[in-house]
Amino acid sequence: MDTSAFRAWVHEAARLIADNAENLTRLDAAIGDGDHGVNLRRGFQAADEMLDKAEAETPGAVLQTVGRALISKTGGASGPLYGTGFRQAGKALADVTEVDVAKLGSALEAAFNGIQQLGAAHEGDKTMLDALGPAVTAYQVAAEGGADIAGATRAAAEAAERGLAETVPMLARKGRASYLGERTIGHEDPGAASTVLLMRALATVTAGEAP
Amino acid sequence: MDTSAFRAWVHEAARLIADNAENLTRLDAAIGDGDHGVNLRRGFQAADEMLDKAEAETPGAVLQTVGRALISKTGGASGPLYGTGFRQAGKALADVTEVDVAKLGSALEAAFNGIQQLGAAHEGDKTMLDALGPAVTAYQVAAEGGADIAGATRAAAEAAERGLAETVPMLARKGRASYLGERTIGHEDPGAASTVLLMRALATVTAGEAP
Amino acid sequence: MKKLINAPDDVLTDALVGFAAAYPDLTVNLEDRYISRGPTAGKVGLVSGGGSGHEPLHGGFVGFGMLDAACPGEVFTSPVPDQLLAATKAVDGGAGVLHIVKNYTGDVLNFQMAAELAGDDGLQVESVLVNDDVAVENSTYTAGRRGTGGTVFVEKIVGAAAERGADLAACAAVGREVNDRSRSFGVALSTNVIPATGKPGFELGDTEIEIGVGIHGEPGRSRGQMTTAREIAGVALEAIHADMPLSGDLLVMVNGLGGTPLIELYVVYAAVAEFLESRGATITRNLVGNYITSLEMAGCSITVMRMTPELTELWDAPVQTPALRWGR
Amino acid sequence: MKKLINAPDDVLTDALVGFAAAYPDLTVNLEDRYISRGPTAGKVGLVSGGGSGHEPLHGGFVGFGMLDAACPGEVFTSPVPDQLLAATKAVDGGAGVLHIVKNYTGDVLNFQMAAELAGDDGLQVESVLVNDDVAVENSTYTAGRRGTGGTVFVEKIVGAAAERGADLAACAAVGREVNDRSRSFGVALSTNVIPATGKPGFELGDTEIEIGVGIHGEPGRSRGQMTTAREIAGVALEAIHADMPLSGDLLVMVNGLGGTPLIELYVVYAAVAEFLESRGATITRNLVGNYITSLEMAGCSITVMRMTPELTELWDAPVQTPALRWGR
Ligand SMILES: Nc1ncnc2c1ncn2[C@@H]1O[C@H](COP(=O)(O)OP(=O)(O)O)[C@@H](O)[C@H]1O
Ligand SMILES: Nc1ncnc2c1ncn2[C@@H]1O[C@H](COP(=O)(O)OP(=O)(O)O)[C@@H](O)[C@H]1O
Ligand SMILES: [Mg+2]
Ligand SMILES: [Mg+2]
Ligand SMILES: [Mg+2]
Ligand SMILES: [Mg+2]
């Protein structure tokens, strides 16, 4: 994946999030405060616009720009968390100009670790990590099994989707949803749902399907 | 009519007003502020209770006590107006202990004049005067025609009722209802409706029907 | 009807008990139903009152630099002469007492009776009638304009004048001047429910607003469709402007009717400031908040007063009441 | 959704423009989105912030004796690190800056990032976390208690300490002490609508109330049936008492959530005073009004703080902000 592929990822992610903002907000209204879709749409739109103007010439620079934009513009819990994820991923890529399947795997892992450290959540707490964790694992398993980037990211997206489904029976222990305790059982986590969109955007772009 | 007949009137009036308070309030909600029934129930209940304790030994003293109680406890526009009406009627009776048909007529007229002067309304302005005016006139016509108190008060009550009906097409020019202008057309005036109850109570008592 | 009350008939008493507990520096006479400070010897006493449900008006404006006493009636019902008389006597410091009366028939009549009774008892009483609501046509064939937001201005400014030693006639004169220079207009987004009846005063559709609404839930001039804060402010200010050209230095109040969040009042104030500046007027003083409410009604009213240097000075004079506090 | 706004996306900007016009003594930075005074050389700078929709919190508490800056996020959404950093820099008077943070994951993370960035730039930043809402079980397995009414107390009292020259560590310490001694509990009678979504946060039946509600319309501990003000006050105070025994001298706030008229808050305060006195506690100071709201939600929250003579002195110290003003 080269710099323009990463730009394409962000663009596709912004599009998917805008298209699904209402659903994300609806999920957040059920167990949070009903702004996740609004927050992320604002954040990713800003990131996409900032990228258009920025001279990010490496994949790492693209991801770091996105991270900073998300932190600056999103607000809420998801802004700093996703922002940190993108920044850590960008840092992991350093100056590399062409990202291979292994390198992308380490970037995804860095994103996971950054979010995990900042939010102090664990898998099973009903957060975005419950989609991102399985995605990273599935990616690495696929990569180790010899998959190319398209294959590994498809595996990641599918795993994220399964992870999202698994958040339904979970009881939220982090973020705003944790105030509801038992009442969160039976609902998808909005952050896990948005992670699915990010992974799906990545798979779409690497499969060469994105516009 | 002796002192106890006047006490009976007030008691019957308080009862009728309590029974019809919701309707009075409903009428006031349509073209005023929806408190006429609540106001008058509070006022007449207080008057009735005050009478029970007061040593009012003449009809005039009874009516003046009621007037003071209404002024003290009713609030709103109707409190001072009805209170003044009763006080003026009481004053007109002076020390008389047995009120005859002519004397009661002059008391009703004094009530009308007191209310008219205080509120500066005229017949046709869609107020209590539009029931009270016709009632006083009908009373006097009946009395001059030789009716006894029972007959004259029955005529007064019937005329008040007709007067109330005539407030429906009127446009309010006084009190809170005047703010609504044209929108008051088509509704009964709440004060005219309560005047009907007062006249009906009087007729009931003089007919010897009250409990 | 969901309200934080114990019983509809107890609302006023319970609220007065709570007010008394919250403001131990003020006197609450539960028997005679008034809130007071003082009397201050040699100072004109200022008494206002009216139906409850408009809080902080009037009880929240009792204190240094403003009212000496407030007489709350039942919700949306004028106080009675007895309580007005008791308050009048309580705050008479020997320089006479000024009644500040909002122009509603009930208020006018009850204050008038109280003034007569006070006069019988040898007290000197004057009164100022507030009738600033341009939503009502002023005509000799009606009860005349209602008193609304201008009341806050009258109470503050006359309060300052009285505190400085103005005599009864001078207090009355400045009160009338403030009233003459003030105009209000209100718009409701929702209706309110009187505890005693448990039913809304009028019904509004999902997209309807009541234009020119009164502070008791009296329906207004007309029913309109919901629109932007900017347009609503424009409607209110145009109505005021048609009656009193808006120019020069202005005191402006954007007042919440009770159920509207403060953030929306800021949005309205931005629109008001934009409108007035575009007309070349200058807002030199302002109030944004809930000052004269209508229970839980959503919406706002806008009150404008044309300032003079003297009135500005009186406005700026110290005031220390539960709801209005500045200076010292 | 009927709201006095121009467009859902413009609410915050328009409100800030209105706030700026209404309070010319304060600075509103529309670009970086903060409200500030100062900086005051040698004084610890106090910065708070959080989602909008809780007005007067926090912008209404900027001024002498309280905050130096407030950073409003979008409605019910945490502010972003950039604006927090800009405000932190703007009010640094050389003695460091204290962040007062309500305990919500979003607020905590955004303030934390801002503090790190400020640290990178050589500023000294400490923070105090407010988590006074007993409706939420405090557990290491949750995000912990929410910050609600106690925030007002922390901002006022730390404000007084800072004004008196307390250093950064001392300001942080007093802030933590106030938080430790404060507890809140809220009850909603109606829900609210976020402008951006236009839909209510949750649904309440005609006779239902939400017990233990949060200030963002987060559903509470349980759904109950509407009852008297006295019983509602009892439920809230029992919940607080179970967590922090209520005795001795207390500071009590009865806070309206935005859509409840002041007269009802007085009724609630009467019930609160009755309850606490019957338990042998003494209310030595109080606030009754709208201080930390939740848009147009009807209902109230009760916040109690156990007082000490030192904290009482700091509470009484002069404060001059749009929403809280006393002393000099
Ligand atoms: N501590 C945390 N760690 C990881 N993810 C979290 C944490 N707290 C919240 N989240 C995620 O953030 C999502 C909510 O984001 P959003 O609604 O934008 O912010 P807020 O909760 O501040 O309104 C949750 O659905 C969850 O996935
Ligand atoms: N100036 C007036 N003269 C005579 N009657 C009046 C006048 N103003 C109002 N009323 C009567 O009072 C009635 C309203 O009384 P009420 O509802 O108790 O008082 P308020 O209008 O203060 O709420 C009206 O229906 C009308 O009949
Ligand atoms: Mg959210
Ligand atoms: Mg009425
Ligand atoms: Mg009335
Ligand atoms: Mg949020």
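Values for this structure:
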| item | result |
| --- | --- |
| Among beta bridges that DSSP assigns inside the stretch C:182-307, antiparallel share in %, nearest 5 | 70 percent |
| Rounded to 5, percent antiparallel among DSSP beta bridges of the protein assembly as shown | 55 percent |
| Within the protein assembly as shown: Cβ-based charge dipole about Cα centre, in debye rounded to nearest 20 (Lys, Arg +1; Asp, Glu -1) | 800 debye |
| Residues C:182, C:127 arranged by fewest to most Cβ contacts within 10 Å | C:127, C:182 |
| GluC sites (Glu not before Pro) within the stretch A:150-211, DSSP loop, no more than 15 other Cβ atoms inside 10 Å | A:209 |
| Value of [θ]222 nm, deg cm²/dmol, for chain B, DSSP H segments ≥ 4, -39500 (n - 2.57) each, nearest 500 | -23500 deg cm²/dmol |
| Rg to Rh, two decimals, where the stretch A:9-101 supplies the alpha carbon set and Rh follows Kirkwood | 1.02 |
| Net +/- balance of residues flanking residue C:151 in space, Cβ distance below 15 Å, scoring K and R +1, D and E -1 | 0 |
| From phi via Karplus (6.51, -1.76, 1.60), per-residue ³J(HN,Hα) for the stretch C:10-16 in Hz, x at Gly/Pro | 9, 3, 5, 4, 4, 5, 5 |
| Alpha-carbon spread of chain A, three principal axes, descending order, Å | 47, 39, 30 |
| DSSP-assigned coil residues among chymotrypsin sites (Phe, Trp or Tyr not before Pro) in the stretch D:79-155, each with at most 15 further Cβ atoms within 10 Å | D:141 |
| Positive-pole candidate from C:135, C:213, D:157, dipole of the protein assembly as shown, charges at beta carbon | D:157 |
| With Cα atoms, 0 to 90° folded angle of helix B:149-167 axis to chain B main axis | 10 degrees |
| Dipole magnitude (debye, nearest 20) for chain B, charges at Cβ of Lys, Arg, Asp, Glu | 580 debye |
| Amide H within-cut-off set for residue D:145, under 5 Å, with H built and near neighbours excluded | D:139 |
| Interchain or long-range residues, amide H under 5 Å from residue C:291's placed H | C:256 |
| Net charge contributed by nearby residues that have their C-beta within less than 13 Å of residue B:177 (K/R +1, D/E -1) | -3 |
| Partners for residue B:103 among lysines (Cα-Cα distance below 23 Å; same-chain residues under 8 apart left out) | B:91 |
| Stretch gain in nm, segment residue C:279-residue C:167, where the contour uses 0.36 nm per residue and the Cα spacing is subtracted | 36.5 nm |
| Sorted by Cβ density within 10 Å, fewest first, the residues D:171, D:300 | D:171, D:300 |
| Geometric extent, Cα atoms of the protein assembly as shown - Rg, Dmax (angstrom) | 33.1, 120 |
| Exceeding the 25 Å Cα-Cα cut-off - candidates B:73/C:89; B:53/B:73; B:174/C:3; A:73/D:199; D:3/D:89 | B:174/C:3; D:3/D:89 |
| Check: chain C dipole with +1 on Lys, Arg Cβ and -1 on Asp, Glu Cβ, in debye | 500 debye |
| Partner chain coverage, peptide B:59-65 - average Cβ within 10 angstrom | 0 |
| Selection of GluC sites (Glu not before Pro), the stretch A:16-65, meeting DSSP coil and at most 11 other Cβ within 10 Å | A:55, A:57 |
| For the stretch D:215-230, 3J(HN,Hα) per residue [Karplus equation, 6.51 cos²θ - 1.76 cosθ + 1.60, θ = phi - 60°, Hz, x = Gly/Pro] | 7, 10, x, 5, x, x, 5, 7, 9, x, 9, 4, 8, 6, 4, 4 |
| Largest-first ellipsoid semi-axes for the stretch C:259-298, taking √(5λ) over the Cα gyration tensor eigenvalues, angstrom | 23, 11, 8 |
| Nearest-ten-degree value, helix A:36-53 long axis tilted from longest Cα axis of chain A | 20 degrees |
| Aspartates and glutamates with Cα under 13 Å of residue D:2, excluding same-chain neighbours fewer than 8 positions away | C:206, C:208, C:210, C:264, D:296 |
| Debye equation applied to the C-alpha atoms of the stretch D:1-147, log10 I(q)/I(0) at 0.17 Å⁻¹ | -0.93 |
| Placed amide H near residue D:297: partners under 5 Å, 5+ positions off or other chain | D:259 |
| For residue C:41, inter-copy label distances in nm, listed shortest first [label point 7 Å out on the Cα-Cβ vector] | 4.9 |
| Fraction of the pair-distance distribution of the stretch D:182-314 above 23 Å, Cα-Cα pairs, percent | 31 percent |
| Global size of chain D as Cα Rg and Dmax, reported in angstrom | 18.6, 55 |
| Taking chain A and dividing mean pair separation by its residue count, relative contact order in percent (alpha carbons under 8 Å, at least six apart) | 22 percent |
| DSSP bridge orientation in chain D - percent antiparallel, rounded to nearest 5 | 55 percent |
| Cβ-based exposure ranking for A:194, B:106, A:4, A:72, in which fewest neighbours within 10 Å come first | A:4, B:106, A:72, A:194 |
| The stretch C:49-66 - phi-based ³J(HN,Hα) in whole Hz, Karplus 6.51/-1.76/1.60, Gly and Pro as x | x, x, x, 7, x, 10, 3, x, 3, 9, x, x, 10, 8, x, 3, x, 9 |
| Percentage relative contact order, the stretch C:156-301, counting C-alpha pairs under 8 Å, at least six apart | 26 percent |
| Between the stretch A:97-157 and the stretch C:1-74, the alpha-carbon center distance in angstrom | 65 Å |
| Nearest 10 degrees, 0 to 90: helix A:101-119 Cα axis against chain A principal axis | 30 degrees |
| Estimated 222 nm signal from helices in chain C, with DSSP H stretches of n ≥ 4 weighted -39500 (n - 2.57), rounded to 500 | -10500 deg cm²/dmol |
| Chain D, relative contact order [Cα under 8 Å, separation at least 6], % | 18 percent |
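No lab work stands behind these numbers, since they all come straight from the coordinates. Treat the numbers as computed from the prediction; the structure is a model and nothing was measured. In this analysis, Cβ positions are derived from the backbone assuming ideal geometry, glycine residues included, and neighbour counts consider all displayed protein chains.
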